[in-house]
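Report on one structure; see the data block that follows.
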Amino acid sequence: RGAARHRRAFALRLLRLLQVWAPRPVVVYAFSNGGCFVQRELVYHLHSGPHAGELEAVRRAWAGSIFDSCPAYMHLRTGGRAIAQGLGFSSRAAEAVAVALFGIYAYATAALAGTNPPREFWEEMEASPSE
């Protein structure tokens with residue numbers, strides 16, 4: 001929760017700085033996981049956050065977003081295989097163990113958190129306003 005709060009505060013500061021350049025077009029380049037998560041907070045502030053009204057000029061100037069290497073929705077088999085390859089495992093047995101361990105980790109994390117953060121993240125991104 002602390003990291004999310006930090007990203008939300010950072011996004012708000014960034015949008016307030018961008019007010020200086022409005023009405024010039026604004027294009028956001030989001031790189032990797034951190035950039036994609038900050039992009040989500042930018043959209044929140046512009047469209048539904050408590051400061052949306054004061055950020056209207058930036059929202060109107062928003063020309064687009066570029067995503068570079070943003071997070072992918074990781075399926076259990078794909079995640080396990082990626083871990084196995086990253087660790088240099090080449091046998092099918094080692095890959096199967098990595099997939100099983102990744103699956104246990106994913107299910108345990110979801111059970112402890114009571115949510116599915118990857119699914120929630122992508123549902124929010126798909127539902128975000130495109131303007």
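The values are calculated or read from the model by the stated rules, or taken from the named source; none is laboratory data. Computed from a prediction, not measured in an experiment: that's the story for all the values here. When we count neighbours, we look across all protein chains shown, and the Cβ atoms used for this are built from the backbone with ideal geometry, even at glycine. Please note that ligands, DNA and RNA were not included when accessible areas were found on the heavy atoms of the full protein model with its side chains. Shrake-Rupley method; radii C 1.70, N 1.55, O 1.52, S 1.80 Å.
Before moving on, here are some points about what is shown:
- Filtered residues of region 99-131 (kept if assigned to a helix (DSSP H, G or I), loosely packed, with under 12 Cβ neighbours inside 10 Å and either of a type in the set (Gly, Ala, Ser) or modelled with pLDDT of 70 or more (or both)): Ile104, Tyr107, Ala108, Ala111, Leu112, Ala113, Arg119, Glu120, Glu123, Glu126, Ala127
- Hey, Phe67 within 16 Å of Trp122 (Cα to Cα) and out of contact with any Gly (no Cβ under 6 Å at 6 or more places or on another chain) or not: yes
- Residue in region 19-35 that is touching an Asp or Glu at 6+ places or on another chain (Cβ under 9 Å), assigned to a helix (DSSP H, G or I) and closer than 17 Å to Ser128 by Cβ present: yes
- Within region 38-80, the residues that satisfy the criterion of being aliphatic (A, V, I, L, M) and part of a loop (DSSP other than H, G, I, E, B) are Ala52, Ala72, Met74.
- The C-beta contact set for region 15-43 (first residue on the phi < 0 side of the Ramachandran plot, second residue among the basic types (Lys, Arg), distance under 6 angstrom, 6+ apart or interchain) comprises Phe37/Arg7; Val38/Arg7; Glu41/Arg7; Glu41/Arg8.
- Scan of region 4-31 for residues that are open to solvent by 40 Å² or more (accessible area, probe 1.4 Å) and within 20 Å of Glu123 (Cα to Cα), ordered by number: Arg5, Arg7, Arg8, Phe31
- Residue check, Leu18 of a type outside the set (S, T, N, Q), farther than 14 Å from Trp62 by Cβ and at pLDDT 90 or above: no
- Set side by side, the residues Gly79, Gly49, Gly86 differ, and just one is under 30 Å from Arg7 (Cα atoms) and either over 23 Å from the mean Cα position of the chain (by Cα) or open to solvent by 60 Å² or more (accessible area, probe 1.4 Å) (or both), which is Gly86.
- Condition met for Arg59 (over 21 Å from Ala3 (Cα atoms), at pLDDT 85 or above and surrounded by fewer than 11 Cβ atoms within 10 Å (Cβ to Cβ)): no
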